[in-house]
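Some notes on the structure that comes next.
Since every read-out is calculated from the coordinates, none of them should be taken as a lab result. Everything quoted here is computed from the prediction, not taken from an experiment. Note that each Cβ is placed from the backbone with ideal geometry, even for glycine, and that neighbours are counted across all protein chains shown.
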Amino acid sequence: MNDWIAQLTAWSGELAGLLWGNGLTLLLLLGMGLYLTIRMGLIQVRGFRHSVALISGSYNDPRHTGQVSHFQALATALSATVGTGNIAGVATAISLGGPGALFWMWVTAFFGMATKFTECTLALHFRRIDDNGDIAGGPMYTLLDGLKMKKTATLFAVFALIASFGIGNMVQANSVVDGLGYLFPSVRDNAWLVGGVLALLVGMVILGGVRRIARVASAIVPFMALLYVGAAIVVLVNHYDRIPAAFALILNHALNPWAVGGAAVGEAIRWGVARGLFSNEAGLGSSPIAHAAARTNEPVREGLVAMMEPFIDTLVICTMTGLVIVVTGAWTLKQDDLVGAALTAHAFQSSIGVTGASIVGIGLSLFAFSTIIAWSYYGDRCAYFLFGQGAVLPYRVLFTFVVMVGAAVPLQLVWNLADITNILMALPNLLGLALLAGLAQRMKNGYFSRPFTLAESKAEA
């Protein structure tokens, strides 16, 4: 059994390396973000202020159609993106790609904001609402109704359904064991028990559908983000004199092949882009499924809300993790037991003691739990698209069971499978974005050409 798992890990690692280690993949991901940034008129800068106003509730209209508010839709999508990628993913990127990987995560996030805007605007435009008011939306409907590409839409739904068990389930459960195992070594010997408890909690939430998921996410996400960022700030204050040197080191490793070698810069790009996409999921096509349920009749508004995900997830939270790992010097450690979340926990503990490691463990558990419940919704919408309403409940039951399996599967195998399903999901979605960018641009121009003010919005509501 162990030999079979080792062989599968090796094969999946080779395939993941092939998919992520070539220039074409990087060009597709970064190139699409750059293209949409230009096509949408630098929307991530020009629309930033209005996006904040939308999230605050200033433009909510209860007469609009939808199941959740702008904030709840953002919280649900963020609960999927703010996960182990922010703790384990950043640590993995830096340990394998060097500090320069963090810079390329920033680049991916900035361009990813335009990608999120576009894919979520289109998801709102092409969403479907049944007689009960339940909503289904996402790239599969954008591809089907916007481009009449049924086979491509089906491919996306199949890949996303499979990915929900990897990136949205097993990776999260596995990383909980990894993080808690740093604090309590006995946890690794009882991974099935940890997985069982996690599965029970997940089942209690996801059986209530998107409204319950949104309520739980909107409560957990702000709390866990503030707790984690607050602890990171304490660490950075303790090492404030090293922060300028940390930024110089990051930029040097990211952009200076003469100082660190061309291969090192290449690895920084590879791991930075790969983990950046894993963290904020821009271009993956997952977040539009959650944002499609938002209560608004203005697709562009939800696109503006959605583009804040990469900003919060990567430019804020991932940056905090990366800086802590660099300023504490933890990234220079090459120990087999300090990988992923354990490396992040060690970095925090080296500065603020056991409290720091405990916050990482608690944060990891909350991050992973929220990611699992959000991805369960993504998967059940794909199951609904492929097989109809009758497949939703069996999917949720199977998804809950797989949480236990994920807790006990070797970490590297899970990460390899997640990387593979990530890129397979992204390809159909990127195709749709390229072909429908003009429509999204026209909707954006039409929205901003209409006079709307905060006073008018309140009067309407």
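Size check on the range 47-155: the Cα extents along the three principal axes, sorted descending, read 52, 40, 24 Å.
Couplings 3J(HN,Hα) of the range 211-216, computed from phi: 5, 5, 4, 5, 5, 5 Hz, in residue order, whole Hz [Karplus 6.51 cos²θ - 1.76 cosθ + 1.60, θ = phi - 60°; x for Gly and Pro]. Only one residue of 445, 68, 318 has its Cα farthest out toward the positive end of the dipole of the chain, where Lys and Arg carry +1 and Asp and Glu -1 on Cβ, and that residue is 445.
Sorted fewest first by neighbouring Cβ atoms within 10 angstrom, 28, 102 come out as 28, 102. Picking from 177, 155, 138, whose Cα lies most toward the positive end of the charge dipole for the chain (charges on Cβ: Lys, Arg +1; Asp, Glu -1)? Value computed over the given set: 138. Look at the alpha carbon pairs under 8 Å that are at least 6 residues apart: their mean separation over the length of the chain gives a relative contact order of 36 percent. Charged neighbours of residue 426, selected by a Cβ distance under 15 Å, balance to -1 (K, R count +1; D, E count -1).
Orientation-averaged projection of the range 70-127 equals 4.6 nm² [convex hull of Cα atoms, one quarter of hull surface area]. Taking Cα centre as origin and charging only the Cβ of basic (Lys, Arg, +1) and acidic (Asp, Glu, -1) residues, the dipole magnitude of the chain rounds to 1040 debye. Sequentially through the range 69-82, phi angles give Karplus couplings (6.51, -1.76, 1.60; θ = phi - 60°) of 6, 4, 5, 5, 5, 5, 5, 5, 5, 5, 5, 7, 8, 7 Hz, Gly and Pro residues having no value and appearing as x. Taking every alpha-carbon pair within the range 15-445, the share separated by more than 29 Å comes to 40 percent.
Candidates 341, 354, 222 compared by Cα position along the dipole of the range 15-445: farthest toward the positive end lies 222, with charges placed on Cβ.
Computed about the Cα centre, the dipole magnitude for the range 193-296 is approximately 420 debye when only Lys and Arg (+1) and Asp and Glu (-1) carry charge, each at its Cβ.
Shown for 351, 186: other C-beta atoms within 10 Å of each C-beta, ranked fewest to most, produce the order 186, 351. Highest mean packing first, where packing is the average number of other Cβ atoms within 10 Å per residue, the peptides 237-247, 367-377, 35-45, 118-128 line up as 367-377, 118-128, 35-45, 237-247. The trypsin sites (Lys or Arg not before Pro) found in the range 259-345 that occupy coil by DSSP, while having at most 11 further C-beta atoms within 10 Å, are 334. Averaging the sequence gap over all C-alpha pairs within less than 8 Å and six or more residues apart, then dividing by the number of residues, gives the range 159-287 a relative contact order of 10 percent. Annotation: extensible slack from residue 386 through residue 150 equals 83.9 nm (criterion: 0.36 nm per residue apart, minus Cα-Cα distance).
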